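Rule-based calculations on the coordinates, nothing more; no lab input. Please read these numbers as outputs of a predicted model, since none were measured by experiment. For neighbour counting, all protein chains shown are included, and Cβ atoms are generated from backbone atoms with ideal geometry for every residue, glycine included.
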Amino acid sequence: MKPTTIQVELGDRSYPIRIGEAWIDGLGVALGEAGIGPSSLLVTDESVGPIWADRVAAGIRGGGLAVESIQIASGERAKSLESVRSILDFALERRCDRTTAIVALGGGVVGDVAGFAAAILLRGVPLVQVPTTLLAMVDASVGGKTGVNHPMGKNLIGAFKQPDLVAVDLAFLETLSEAEYRSGLAEVVKYGAIADARFFEFIEANAKALLQRKPEPLARAVARSCEIKAQVVAADELESGLRAILNFGHTFAHAFEATAGFGSIRHGEAVAMGMMAACRSSRPPVKSIDGWPP
Ligand SMILES: NC(=O)c1ccc[n+]([C@@H]2O[C@H](COP(=O)([O-])OP(=O)(O)OC[C@H]3O[C@@H](n4cnc5c(N)ncnc54)[C@H](O)[C@@H]3O)[C@@H](O)[C@H]2O)c1
Ligand SMILES: [Zn+2]
């Protein structure tokens, strides 16, 4: 695919989303171009780390930056203050300073946890999101919401922390499971439903190719999703109005996730069911004919 850059316009906190295929070996150069360095802390999880961390660390070093790596546990249960604490301890023990960038390599869990650590470490250090799930590429890595869960509920502790760069490489999806990939597609469908009927039609027409991860429709779906998210975030960064549109299906989704127990069903799976539930419950009442619909 031809690499594309989408700009999230937020005044002096604007940042690029760079989307391409198999370009991550050049991450260090991209960091340099974004003015990030000279040191970095690569945060990943125990599933993504063994597959990708060495390669990404080498890519960062290739741009002349120093890099240290830390892994947190994987999955929703790792979205905790304990994970944040382990990152802060690791960074402070290594005498990081305000120029040390946190590079979040992983799905939405790593992005949210590492992003929150970047927001509070030394009152804020640079943040680079390197999403490795489809869900994180089209949603979690863009927009600056970071945080962790509390026993009382999901995402109850957190901060807005916009990244300095979002580096999307579709090659990461090669190692992503089928179930995680489908979960991410739910958020792609959401963008079509909330903002762009033609995009929705494109998704319908290319459903099979998207499920087969065909590079061309996949690249278009990721880019268009990021574009819509970038526009909504630029218009309403702190969710005082329009940004709530991104929560389509999520009221039900969060209820499903909480009821099932966090981590028992995937976020995207809950969103898929949540969008169906929201559509059904917003349908005007239908007059019953011979007891149908029940
Ligand atoms: N901040 C936001 O705006 C925002 C938006 C949407 C969702 N979220 C959050 O994101 C989280 C869900 O993110 P997710 O769906 O990416 O889940 P995740 O981060 O838990 O990743 C899913 C699983 O896939 C593994 N994985 C990730 N990339 C892989 C790869 N390339 N190859 C092999 N395995 C890989 C992970 O280790 C994990 O086990 C939720 O906590 C949700 O609340 C945040
Ligand atoms: Zn979501």
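A few remarks follow.
- The residues Met276, Met1, Met137, when put in order of fewest to most other Cβ atoms within 10 Å, stand as Met276, Met1, Met137.
- Computed over the chain, relative contact order equals 17 percent, with contacts defined as Cα pairs under 8 Å that lie 6+ residues apart.
- Cβ-defined net charge surrounding Pro3, 15 Å radius [Lys, Arg +1; Asp, Glu -1]: -3
- Proxy reagent accessibility, fewest Cβ within 10 Å first, across His254, His150: His150, His254
- Positive-end residue of Ser80, Gly106, His254, charge dipole of the chain with Cβ unit charges: His254
- The range 95-180: C-alpha gyration tensor shape, a/c 1.5 cut-off, then a/b vs b/c: oblate
- From least to most packed, judged by other beta carbons within 10 angstrom and beginning with the fewest, Arg61, Arg220 follow the order Arg61, Arg220.
- Part-to-part distance (alpha-carbon centres) for the range 1-77 and the range 126-150, which is given in Å: 12 Å
- The HN-Hα couplings worked out from phi for the range 250-261 by the Karplus form 6.51 cos²θ - 1.76 cosθ + 1.60 (θ = phi - 60°) are 7, 5, 5, 4, 5, 5, 5, 5, 5, 5, 6, x Hz, whole numbers, x standing for Gly and Pro.
- Which of Pro16, Ala234, Gly28, positive extreme of dipole for the chain (C-beta unit charges): Ala234
- In order along the range 42-58, phi translates into HN-Hα couplings of 8, 10, 9, 10, 6, 8, 6, x, x, 8, 10, 4, 4, 5, 5, 4, 5 Hz, rounded to whole numbers, per the Karplus curve 6.51 cos²θ - 1.76 cosθ + 1.60 with θ = phi - 60° and x for Gly and Pro.
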